[in-house]
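What follows is a short report on a single structure.
The values are calculated or read from the model by the stated rules, or taken from the named source; none is laboratory data. If you're wondering where the values come from, they're calculated on a predicted model, not measured in any experiment. We place every Cβ from the backbone using ideal geometry, glycine too, and count neighbours over all the protein chains shown. We work out accessible area using only protein heavy atoms, side chains counted, and drop any ligands, DNA or RNA first. Shrake-Rupley method; radii C 1.70, N 1.55, O 1.52, S 1.80 Å.
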Amino acid sequence: MFSGAVSFDDAGMRRLTLSESNFVNFTPASERDLRAFARLEHKFAGGTVLNANLGQLRHRFRFTIPDFVRAGYDTGPGEHTDQPNERVDLDASLRIPMSRSWVLVTGAALGRASLDRNTADLSAWRDDATRGALRTEGRGTAVNQALFVQSEHFLGQGLTAYAGARYDRFETWGEVIQHTAPAFAQTYDKRSFDRFSPKVALVWEAQPWLSLRASVGSGFRPPALLDLYSRSASPTATAGVVSVNDASPNLVPERVTAFEIGADAAFAGGARGSVTLYRQKLSDLIYRRRLSATLTQTENAAEADVDGVEASLSWPTAVRGLTAFGSLTHQFKYQITRNDAVPESVGKNLTDVPRTSGAVGLRAESGQWSATVAYRYTGRVFASGDDLNQNTAQGVYGAYDAHGIVNAKIGFRVDRNLSFSLALDNLTGREYFVFNRQPGRTVYGELAYRF
């Protein structure tokens, strides 16, 4: 694939400047995940239920990039990045019937994440075997401990009230080392921060076929170790100028306060529907502030408002075992309302969020066989970093297209443990771009054993 700028001289002669680029992936890269899960459920006499979950993720990620000033398509210097990270999560909860009208749920969670990132010189950017001296190193660890409780009260007349809260305590520490001038080694001592997240909800069974619900609560997303303890440098379009994004060890979690109202219905014949209206207030959003022509740093700088609707519907058809389904998510508003790091982004839409997405399809089941075919639509997005919503291109390299694709899947269950499936994505071979041109018709096979 080629991309470039078109320019015209004074005499009207057309000149086209092109630079070569790979079709699927811009740079040599590899990514490998190892995931493991375990779950325990036990029912005690008296109705108390214990649930416990353990999960582990090992993520191995590396990539190389050229020095955009000095390197060409095939040759020249560059940089190799190795970015392994790991995460372990454990949670356990007890659901305890306290009386005929009161159920108490309580539990605890523990998580630990680690990052070990380094960058190194490459004399030939397409060959990671030409690695030379280290440029930067970044290591970090985060530990999260949490306690949670929820009280469920059956008030009569079809009314149920929920009140719950979660208390989280985070500890994090790390270090950043730079081997190039100015060389330094900075260790960030352990620091901690707490978050209390309450939620209340009310559900009313207005009719045997209709439930109405409302809730208000708060939540958060902790900063990534990559933002906390990573210092990265990259050449800019101006020859000889290197832009550095500095480590940000003092970041705090992004926060959300959410309000929802909704309805769930079960119709005659087995059809079901659901609709939810939501409003969210986001604060302490993480953005990069440009401090100079050569330095940026991430900080908790922004706020945003989100208003939207979610709806889903499924209904059995006249054909036995065949069910039609549909879903829709639409944002009425998803705008930045304050941003000290990028003030001109106020009023712009949040990045990486489509205004509209949805799906319609058919699902069939017969004995041990199952099959699904669905059309899935995703609206155009503004990508990360496009805070001013400037990239409106469609259908070309670098664009983030609105697109709809057809996916199909067929499966066979041998027994309660073993199953096979074959999936076909982008059945019609639709051509669209999400920065790069996306794969056409793609086939996946799966063998699953559950125990």
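Quick test of your reading of the structure: Val88 fulfils all but one of (1) modelled with pLDDT under 95; (2) of a type in the set (Val, Ile, Thr); (3) open to solvent by 50 Å² or more (accessible area, probe 1.4 Å); (4) in a strand (DSSP E or B). Name the failing condition by number.
(1)
Going by the conditions given, is Ala359 crowded, with 17+ Cβ neighbours inside 10 Å and either touching a Lys or Arg at 6+ places or on another chain (Cβ under 7 Å) or among the hydrophobic types (A, V, I, L, M, F, W, C) (or both)?
For Ala359, the condition - crowded, with 17+ Cβ neighbours inside 10 Å and either touching a Lys or Arg at 6+ places or on another chain (Cβ under 7 Å) or among the hydrophobic types (A, V, I, L, M, F, W, C) (or both) - is met.
From the list Ala146, Ala142, exactly one residue is open to solvent by 20 Å² or more (accessible area, probe 1.4 Å), under 24 Å from the mean Cα position of the chain (by Cα) and either without any contact (Cβ under 8 Å) to a residue 12 or more places away in the chain or closer than 18 Å to Asp194 by Cβ (or both). Which is it?
One residue alone meets the criteria, Ala142.
Taking into account only those residues within segment 323-336 that are open to solvent by 50 Å² or more (accessible area, probe 1.4 Å) and polar (S, T, N, Q), which is nearest to Gly361 (Cα to Cα)?
Ranking the candidates gives Ser327 first.
Do we have Ala165 as modelled with pLDDT of 95 or more and either surrounded by fewer than 17 Cβ atoms within 10 Å (Cβ to Cβ) or more than 30 Å from the chain's Cα centre (by Cα) (or both) here?
So Ala165 fits the description; yes.
Conditions (1) touching a strand residue (DSSP E or B) at 6+ places or on another chain (Cβ under 7 Å); (2) more than 30 Å from Asp284 (Cα to Cα); (3) assigned to a loop (DSSP other than H, G, I, E, B), marked per residue:
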residue	(1), (2), (3)
Lys333	yes, no, no
Arg338	yes, no, no
Ala341	yes, no, yes
Asp352	no, no, yes
Ala374	yes, yes, no
Asp386	no, no, yes
Tyr397	yes, yes, yes
Ile405	yes, yes, no
Ala408	yes, yes, no
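Are any residues in segment 234-248 open to solvent by 30 Å² or more (accessible area, probe 1.4 Å) and either touching a helix residue (DSSP H, G or I) at 6+ places or on another chain (Cβ under 8 Å) or at pLDDT 70 or above (or both), and if so, which ones?
Asp246
Only one of (1) closer than 30 Å to Glu344 by Cα; (2) aliphatic (A, V, I, L, M); (3) surrounded by fewer than 18 Cβ atoms within 10 Å (Cβ to Cβ) fails for Ala266. Which number is that?
Of everything listed in (1) closer than 30 Å to Glu344 by Cα; (2) aliphatic (A, V, I, L, M); (3) surrounded by fewer than 18 Cβ atoms within 10 Å (Cβ to Cβ), Ala266 misses just condition (1).
I'd like to know if segment 122-130 contains one or more residues that are buried (at least 16 other Cβ atoms within 10 Å of the Cβ), in a strand (DSSP E or B) and of a type in the set (D, E, K, R).
Taking every residue of segment 122-130 in turn, none turns out to be buried (at least 16 other Cβ atoms within 10 Å of the Cβ), in a strand (DSSP E or B) and of a type in the set (D, E, K, R).
If you check Gly269 against the conditions, is it outside any loop (DSSP other than H, G, I, E, B) and at pLDDT below 95?
Criteria met by Gly269.
Of the residues that make up segment 292-313, is at least one free of Cβ contacts under 8 Å to residues at least 12 places away in the same chain, of a type outside the set (D, E, K, R) and assigned to a strand (DSSP E or B)?
Within segment 292-313, one or more residues are free of Cβ contacts under 8 Å to residues at least 12 places away in the same chain, of a type outside the set (D, E, K, R) and assigned to a strand (DSSP E or B).
Within segment 428-451, how many residues turn out to be open to solvent by 100 Å² or more (accessible area, probe 1.4 Å) and either in a loop (DSSP other than H, G, I, E, B) or among the basic types (Lys, Arg) (or both)?
So the count comes out to 4.
Among the residues of segment 182-210 satisfying the criterion of being among the aromatic types (Phe, Trp, Tyr) and closer than 25 Å to Ser274 by Cα, which is farthest from the chain's Cα centre (by Cα)?
Here the answer is Trp209.
Output the qualifying pairs, or none if there are none: Cβ atoms under 7 angstrom, residues six or more apart or on different chains, first residue in segment 342-371 and touching a residue at least 12 places away in the same chain (Cβ under 8 Å) and among the hydroxyl-bearing types (Ser, Thr, Tyr), second residue surrounded by fewer than 18 Cβ atoms within 10 Å (Cβ to Cβ) and assigned to a loop (DSSP other than H, G, I, E, B).
Going by the 7 Å Cβ cut-off, the qualifying pairs are Ser345/Leu388; Thr351/Ala383; Thr351/Ser384; Thr351/Asp386; Ser366/Gly321.
Say whether the condition of being outside any loop (DSSP other than H, G, I, E, B), open to solvent by less than 30 Å² (accessible area, probe 1.4 Å) and modelled with pLDDT under 90 is met by at least one residue in segment 411-423.
No, because not a single residue in segment 411-423 is outside any loop (DSSP other than H, G, I, E, B), open to solvent by less than 30 Å² (accessible area, probe 1.4 Å) and modelled with pLDDT under 90.
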